[in-house]
Amino acid sequence: MSQQEIVTKIALDNWVGQIAQTDKLLQSLSDDDLHTEIAPGRNRGIYLLGHLAAVHDRMLPLLGFGEQRYPELNAPFLTSPDKAVADLPTVAELRSHWNEVNGVLEQKLRALTPDEWLQQHTSVSAEDFAKEPHRNRLNVVAGRTLHLANHLGQLILLKK
């Protein structure tokens, strides 16, 4: 196995592992649990689920994997704080979106060659990428894995 293959395998394994841990937790939480604030005055679980689904959905175009599937999640979960939007999708809808988006991401990520992992993501220009080659798909996945781990830590607080 080449160094590039090792590095990309580590990134993919970490991503898949964090998704699996989050899935396991989400399956253990009821819809009522997800309507609970993480702590008094803080985000509710439903908001974090929608936020994560929206962030992962936006990874599809960022990584060059196609269009966002659920752009309607951007306003309530990315550009607005929790409770600012009254009419949210149901927990069941958000769980479905979460599962679908992560399934597509995993399939597309597994299909990448090591060289493709190191290609620029779509929000960096060719000129900037030449100066900053670390602005690549691998870096996006690594960053989003950390983002997910942070919110997983918050969601764990809903566990009774």
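The values are calculated or read from the model by the stated rules, or taken from the named source; none is laboratory data. Being a predicted model, the structure only gives us computed values, none of them experimental. All Cβ positions, even for glycine, are placed from backbone atoms using ideal geometry, and neighbour counts span all protein chains on display. SASA here: full protein model, heavy atoms, side chains in, ligands and nucleic acids out. Shrake-Rupley method; radii C 1.70, N 1.55, O 1.52, S 1.80 Å.
Descriptive notes on the structure:
- If you take the Cα centroid of region 40-60 and the Cα centroid of region 1-32, the two points sit 17 Å apart.
- For ASP32, solvent-accessible area (1.4 Å; no DNA, RNA or ligand), Å²: 120
- Net charge in the neighbourhood of GLN154 (other residues with Cβ under 14 Å of its Cβ; Lys, Arg +1, Asp, Glu -1) is 0.
- Cut-off under 5 Å, modelled amide H: who pairs with ARG44 long-range: ILE38
- Put simply, when 99-109, 135-145 are sorted by average Cβ atoms within 10 angstrom per residue, most first, you get 135-145, 99-109.
- Pairwise centroid distance, computed over Cα atoms, of region 96-160 with region 65-84, Å: 17
- The chymotrypsin sites (Phe, Trp or Tyr not before Pro) of region 1-104 include none that meets both criteria, a DSSP state outside H, G, I, E and B (loop) and at most 16 other C-beta atoms within 10 angstrom of the site's C-beta.
- Evaluating 6.51 cos²θ - 1.76 cosθ + 1.60 at θ = phi - 60° for every residue in region 131-136, the Karplus couplings come out as 7, 9, x, 6, 7, 10 Hz, glycine and proline recorded as x.
- Note on region 1-129: dipole from Cβ charges, positive end direction compared against LEU78, ILE38, PRO114; the farthest Cα belongs to ILE38.
- Calculated from backbone phi, Karplus (6.51, -1.76, 1.60) coupling profile of region 22-37 in Hz, x at Gly/Pro: 5, 4, 4, 5, 4, 5, 7, 9, 7, 4, 4, 4, 6, 8, 8, 5
- For the chain, the relative contact order is 33 percent, taking Cα pairs closer than 8 Å that sit 6 or more residues apart in sequence and dividing their mean separation by the residue count.
- Given [x] 15.8, 51; [y] 25.2, 103; [z] 16.5, 51, the label whose value is Rg and Dmax of the Cα atoms in Å derived from this model: [z]
- Net charge of Cβ neighbours under 15 Å - reference ASP32; Lys, Arg +1; Asp, Glu -1: +1
- Carbon plus sulfur fraction of accessible area for region 1-140, probe 1.4 Å, in percent: 50
- Straight-distance candidates among the lysines for linking to LYS9, with alpha-carbon spacing under 18 Å and chain neighbours fewer than 8 residues away dropped: LYS108.
- A cut-off under 14 angstrom between Cβ atoms defines the neighbours of LEU78, and their net charge, with Lys, Arg +1 and Asp, Glu -1, is -1.
- Taking region 112-160 and dividing mean pair separation by its residue count, relative contact order in percent (alpha carbons under 8 Å, at least six apart): 32
- Once the mean of 1/r is taken over each pair of separate Cα atoms and inverted, region 4-77 shows a Kirkwood hydrodynamic radius of 14.1 Å.
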